[in-house]
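Reading through the structure tokens given below for one structure.
The values are calculated or read from the model by the stated rules, or taken from the named source; none is laboratory data. Predicted, not measured: the structure shown is a model, and the values here were computed from it. Heads up, the Cβs are rebuilt from the backbone with ideal geometry, glycines too, and the neighbour counts pull from every protein chain shown. Note: areas computed on protein heavy atoms with side chains; ligands, DNA, RNA excluded. Shrake-Rupley method; radii C 1.70, N 1.55, O 1.52, S 1.80 Å.
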Amino acid sequence: MKKIDNFIKHTFKGLPKEKREETIKSVTETLVEKVEDLVDSGLTEIEAIDKTVLEFGNAEDYFELIEKKQKKERRLKSLRHYRNDLLFSSVSATIIIGALIFINLVYADVVIWFVVPALAVLFWPLAVLYNLLNKRANRRNADE
Amino acid sequence: MINSDIIRGHLESVILKLIIEQDRYGYEIASCISERTEAKFIIKEATLYSIVSRLDKKELIESYIGEKTHGKKRRYYKITTLGKAYYYEKKQEWLELREILNTLLEA
């Protein structure tokens, strides 16, 4: 039975402390029941324990049902993140374009070439804005 | 063996049904399931216990310590009134779903 204890402890070691003890206790209890049943049906104790451990599956199976939803929610970037992205890209784009204008005027003020790279750089915040608006629309649809 | 994703949403009802028939303990539920499906579907213990503990939390079932033969202790699960109601609701849902799929797939 020691083997069962170790197996369960190992399986659930990643759990937060409050939940761990309770889970370990109840799962161990049920697995011991299973081993006893298998022994009654004619297996040796070692065989019974091996079979029980093999058929248990893993901790992911245990939590799949409980935590799948929570994990998904956590992974979703919130709208605030997208807003921060937009802020960052606009500020950076402004700095880059400012630098371009400065270089253009100081070193070669005959040809106004900074417009071309500036246009290219502008697409960065534009893309981020596009993304943000899309996400917002999606979220609104999902809420309805 | 059947894809467990499809059956997953109905496992709660299956377990409730088995407990309604009579009070059962954990391993008995698992062995009952594989016996009745002739091992076409085998529930992983991990999945089973997570569902059982969730049903317990939702107060659809209750547990008590009972004695098996040879005086070995077993944690038995017993259905509550709430659990029964939930089961019949789920069963109704399943009958409707079956009806719909039958019409759509068999036609």
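Rolling a 1.4 Å probe across all protein chains gives A:VAL116 an accessible area of roughly 110 Å². For the protein assembly as shown, what is the Kirkwood hydrodynamic radius in Å, using each pair of distinct C-alpha atoms? Its Kirkwood hydrodynamic radius stands at 23.2 Å. Summed over both chains, the accessible area lost when A and B associate is about 1800 Å², using a 1.4 Å probe. Rg then Dmax, both in Å and based on the Cα atoms of chain B: 15.2, 55. Ordering A:ILE24, B:ILE42, A:ILE95 by accessible surface, largest first, gives A:ILE95, B:ILE42, A:ILE24; the 1.4 Å probe counts only protein heavy atoms, with every chain in place.
Over 24 Å between Cα atoms: which of A:LYS2/B:LYS58; A:LYS19/B:LYS40; A:LYS25/B:LYS57; A:LYS9/A:LYS51; A:LYS19/B:LYS91; A:LYS2/B:LYS44 fall into that group?
Numbers: A:LYS2/B:LYS58 32 Å; A:LYS19/B:LYS40 33 Å; A:LYS25/B:LYS57 16 Å; A:LYS9/A:LYS51 18 Å; A:LYS19/B:LYS91 32 Å; A:LYS2/B:LYS44 22 Å.
Over 24 Å apart, Cα to Cα: A:LYS2/B:LYS58; A:LYS19/B:LYS40; A:LYS19/B:LYS91.
Hydrophobic, long helices, defined as DSSP H runs whose alpha-carbon span along the helix axis is 24 Å or greater and whose mean Kyte-Doolittle value is at least -0.5, occur in chain A at A:79-107, A:115-143. The percentage of C-alpha pairs in the stretch A:1-54 whose separation is greater than 14 Å is 50%. For chain B, the longest principal axis of the Cα atoms and the long axis of helix B:45-57 meet at an angle of about 80 degrees. Placing dummy labels 7 Å off each Cα toward the beta-carbon, the span from A:ALA137 to B:LYS17 is 4.5 nm. In chain A, the sites counted are trypsin sites (Lys or Arg not before Pro) in DSSP loop states with at most 14 other Cβ atoms within 10 Å, and the longest stretch holding none of them, exclusive of the sites, is A:78-144. Of the whole protein surface, B:ILE33 contributes about 10 Å² of accessible area at a 1.4 Å probe radius. For the segment A:34-40, counting C-beta atoms of other chains within 10 Å of every residue's C-beta and taking the mean gives 4.
Rolling a 1.4 Å probe over the protein chains gives A:SER78 an accessible area of about 40 Å². Relative to the longest principal axis of the Cα atoms of chain B, the long axis of helix B:11-21 makes an angle of roughly 50 degrees.
Note: relative contact order over chain B, using C-alpha pairs below 8 Å and six or more positions apart, is 28 percent. Hey, what angle do you get for helix B:81-101 against the long axis of chain B, alpha-carbon based, 0 to 90 degrees rounded to 10? Its long axis makes an angle of about 30 degrees.
Histogrammed with a bin width of 5 Å, the alpha carbon distances of the stretch A:89-131 distribute as 5, 25, 27, 19, 12, 7, 3, 1 percent, first bin at zero.
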